[in-house]
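> The following block contains the structure, expressed as structure tokens.
The values are calculated or read from the model by the stated rules, or taken from the named source; none is laboratory data. These figures come from a predicted structure and were not determined experimentally. Here the Cβ is made from the backbone with ideal geometry for all residues, glycine too, and neighbour counts use every protein chain on show.
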Amino acid sequence: MSKRKETVRSEAVHLARVFFRHRLGVVGLVMLVVFIASAVFAPVVAPYDPLEMDLMNSFAPPGSPGHILGTDNFGRDILSRLIFGSRISLLIGIVAVTIASIIGTILGLLAGYYGGRVDAIVMRLVEVFYAFPFLILVIGVMAVLGPSIYNVMLVLGGVSWPLYARLVRAQVMALKSEDFVKAASAMGCSDARIMFRHILPNVLTPVIVSATLGIPGAILSSASLGFLGFGVQPPNPEWGAMVSEAKDFMLINSNMIIWPGMCVFLVVLSFNFVGDAVRDALDPRLARQLN
Amino acid sequence: MPASSNAAVVEVKHLTKHFPIKKGLFIRKQTGAVRAVDDVEFEIRDGETLGLVGESGCGKTTVGRVILGLESPTSGSIMFRGDDLTKQSPAKLRALRRDMQIVFQDPYGSLNPRMTVESIVMEPMEIHGVGSASERKARVAELLEKVGLDPDYRKRYPNEFSGGQRQRIGIARALALNPKLIICDEPVSALDVSVQSQVVNLLQDLQHELGLTYLFISHDLSVVKHISDRVAVMYLGKIVEIAPKSELYANPLHCYTQALLSAIPLASTGPRRKRIILQGDVPSPLNPPSGCRFHTRCPNAQSRCRSEEPAPTEVSPGHIVACHRYC
């Protein structure tokens, strides 16, 4: 039976192969793995307690003995703060976007597939969300719920789903008229099976791509919240909050703002690279050409 | 070839499908309807191929989709082996659907690009709960072989195949549940001529082997002539003529059929056939002409054709025509 081993090769192995052919994707993945590993093993990796102050030794430049990246205005070790900060930043980014894309995808699927009244209700809801300035809406909800990391995730997720709903709805409406969807209903597929088995895999690609692009956005939004006093509370380390703290000393000690900024930048970049590679791996048309 | 005395698999009576046109921003009122199919009657007998021909927009595809239940009819009845499809509960309808399948025109759009060949062909069996996982796998391999594809290709995706191969995958999917009736909606129109004949021959071989009944929808008269036992000609939502193939091609009675047949290119050097060239365009199905729908373009139209709709009349056994010249 196995004249061609390739054809019987399992799907996951194939996806991995295509993914690893994508050089930038691999670079992004390696960077992400480093960030995630340092987040997971923060207490082991970090040289100091991120909250420990040493006022005698504040504003130490990078390369100072014991402080590779220097210290901040309270003499706290910047590297340690970055490592502990990655825990909060990455978690907020990933969880918030996951919540948003799940809500958005399901609502978009329903709206696009059923059309009519369901579509009208979902789309009016989307417009209501778009009508509010993003930050004002988030601050309003945060003021009600109270500042905490978990509320930041919930609120950012609950407020940014309309983007995904619109994206998915448009794709679903186009796919609905394709013959393979008609073939599925001619076979006797239930609506749920058509939506989740036939339509969903075909709309997932843009969702995954915009989700990877959305993670850095969520990290930045949580930083803005932290800055405004609604997000992560000082002295807890969080990249966005570190940037906003550091901006007061930007001219005296630019060192303090460069490192957390660089971290946000690198994470954004690596998520984008990974997103690109995942998109290529998931698209059978592109994937086979690479072979 | 099957005898004409066979029982009818499908019997369509007074089938009408109107697509409403609605206007208005908040209060949507129906301002008109596209009369895609209007009072159509025909039957398909066990084991035969009924060719359904007509030009684009005449409603032939809609007829196929209504029979399959992809569109619900405005009125009329569809008897499928004794059950009226328009009066069944959804559960019963699902069970009846096992016995009828469709092969689509576009082999690129009709297969889900994200499913492997195996999962495409296996899906009908999964939905209807046929067999165990290993039995289904074996059946997929058997079906692929039957339509002339290497079963080793079953883990591949549709985009790795040519148009003809994709159409074979579509046929394998249609065969998965051992249906009685297959509606072929222009199954070869999107293919190269050389591949067309392969697919048509495959359909014929499968019909002999499995005792299938086909409704073969096409605008290509030569293909229909090749594969059909009987042929129905549609014009603007009406069937204007139905006859056994040999009778229809030798002795077309309706002026529209005559005009259509005269348009088939002939590869012979004999005396030239008179070509009937129709004037004007097909009228809009939104507002079809009164009387006989063909009178605006008919070379033999009389005053009666404008006011009175001709009833389908059986002029010789099995040859039904709707034209005032034969009533």
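> Say we look at region B:10-28 and pick out the residues that are under 28 Å from B:D84 (Cβ atoms) and in contact with a Ser or Thr (Cβ under 7 Å, 6 or more places away or on another chain); which of these is surrounded by the most Cβ atoms within 10 Å (Cβ to Cβ)?
B:K17
> Quick check: is even one residue across region B:215-228 within 19 Å of the chain's Cα centre (by Cα) and over 20 Å from B:S189 (Cβ atoms)?
no
> Let me ask you something else. Among residues belonging to region A:197-214 that are of a type in the set (V, I, T) and at pLDDT below 85, point out the one that is surrounded by the most Cβ atoms within 10 Å (Cβ to Cβ).
Per the stated criteria, the residue is A:T212.
> Checking A:D119 against (1) closer than 20 Å to A:F196 by Cα; (2) out of contact with any Phe, Trp or Tyr (no Cβ under 7 Å at 6 or more places or on another chain); (3) in contact (Cβ under 8 Å) with a residue 60 or more places away in the chain, only one condition comes out false. Which one?
Among (1) closer than 20 Å to A:F196 by Cα; (2) out of contact with any Phe, Trp or Tyr (no Cβ under 7 Å at 6 or more places or on another chain); (3) in contact (Cβ under 8 Å) with a residue 60 or more places away in the chain, the lone unmet condition for A:D119 is (3).
> For region A:24-50, enumerate the residues that are part of a loop (DSSP other than H, G, I, E, B), surrounded by 15 or more Cβ atoms within 10 Å (Cβ to Cβ) and hydrophobic (A, V, I, L, M, F, W, C).
Correct list: A:A46 only.
> Which number in (1) surrounded by 18 or more Cβ atoms within 10 Å (Cβ to Cβ); (2) over 27 Å from the mean Cα position of the chain (by Cα); (3) within 30 Å of A:M195 (Cβ to Cβ) marks the one condition that A:R76 misses?
Going through (1) surrounded by 18 or more Cβ atoms within 10 Å (Cβ to Cβ); (2) over 27 Å from the mean Cα position of the chain (by Cα); (3) within 30 Å of A:M195 (Cβ to Cβ) one by one, A:R76 breaks only (3).
> Continuing with the same structure: Looking only at region B:86-100, count how many residues are under 13 Å from B:V10 (Cβ atoms) and within 12 Å of another protein chain (Cβ to nearest Cβ).
Residues meeting the conditions: 3.
> From the list B:D46, B:D83, exactly one residue is more than 14 Å from chain A (Cβ to nearest Cβ), among the acidic types (D, E) and more than 16 Å from the chain's Cα centre (by Cα). Which is it?
Being more than 14 Å from chain A (Cβ to nearest Cβ), among the acidic types (D, E) and more than 16 Å from the chain's Cα centre (by Cα) holds for just one of B:D46, B:D83, which is B:D83.
> If you don't mind, there's one more thing I want to ask. Any residue at all in region A:152-169 that is under 30 Å from B:G64 (Cα atoms) and in a helix (DSSP H, G or I)?
yes
> Same structure again: Among the residues of region A:176-224, count how many are in a helix (DSSP H, G or I) and within 14 Å of another protein chain (Cβ to nearest Cβ).
28
> With respect to B:R173, determine if the residue is under 19 Å from the mean Cα position of the chain (by Cα), in a helix (DSSP H, G or I) and within 11 Å of another protein chain (Cβ to nearest Cβ).
In short, yes.
> Still on this structure: Counting just the residues of region B:23-36 that are more than 16 Å from the chain's Cα centre (by Cα) and at pLDDT 80 or above, which one comes out farthest from B:L52 (Cα to Cα)?
Going through the qualifying residues, I end up with B:A33.
Residue-by-condition table, conditions (1) out of contact with any Pro (no Cβ under 9 Å at 6 or more places or on another chain); (2) of a type in the set (F, W, Y); (3) buried (at least 18 other Cβ atoms within 10 Å of the Cβ):
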site	(1), (2), (3)
B:Q30	no, no, no
B:K60	yes, no, yes
B:L68	yes, no, yes
B:Q88	yes, no, no
B:D99	no, no, no
B:V121	yes, no, yes
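> Which of the numbered conditions does B:E11 fail, given that it passes all the others? Conditions: (1) modelled with pLDDT under 85; (2) touching an Asp or Glu at 6+ places or on another chain (Cβ under 7 Å); (3) under 30 Å from B:G129 (Cβ atoms).
Of everything listed in (1) modelled with pLDDT under 85; (2) touching an Asp or Glu at 6+ places or on another chain (Cβ under 7 Å); (3) under 30 Å from B:G129 (Cβ atoms), B:E11 misses just condition (1).
> Can I ask one more? Report, by residue number, each residue of region B:139-152 that is small (G, A, S) and either within 12 Å of B:I171 (Cα to Cα) or surrounded by fewer than 13 Cβ atoms within 10 Å (Cβ to Cβ) (or both).
B:G148
> Something else about it: Out of region B:102-111, which residues are at the interface with chain A (Cβ under 7 Å from one of its Cβ atoms) and touching a residue at least 12 places away in the same chain (Cβ under 8 Å)?
Matches in region B:102-111: B:I102, B:F104, B:D106, B:S110, B:L111.
> Now for a separate question. Pick out the one residue from A:A174, A:A131 that is within 27 Å of A:I94 (Cα to Cα) and surrounded by fewer than 17 Cβ atoms within 10 Å (Cβ to Cβ).
Matching residue, one of A:A174, A:A131: A:A131.
Residue by residue, here is whether (1) within 22 Å of A:V181 (Cβ to Cβ); (2) at the interface with another protein chain (Cβ under 8 Å from one of its Cβ atoms) holds:
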{"residue": "B:V63", "(1), (2)": "yes, no"}
{"residue": "B:L70", "(1), (2)": "yes, yes"}
{"residue": "B:I78", "(1), (2)": "no, no"}
{"residue": "B:R114", "(1), (2)": "yes, yes"}
{"residue": "B:I120", "(1), (2)": "yes, no"}
{"residue": "B:E126", "(1), (2)": "yes, no"}
{"residue": "B:E160", "(1), (2)": "yes, yes"}
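Yes/no per residue for (1) crowded, with 20+ Cβ neighbours inside 10 Å; (2) touching a residue at least 24 places away in the same chain (Cβ under 8 Å):
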residue: A:L225; (1), (2): yes, yes
residue: A:V232; (1), (2): yes, yes
residue: A:P235; (1), (2): no, yes
residue: A:W239; (1), (2): yes, yes
residue: A:S254; (1), (2): no, no
residue: A:F265; (1), (2): no, no
residue: A:S270; (1), (2): yes, yes
residue: A:L282; (1), (2): no, yes
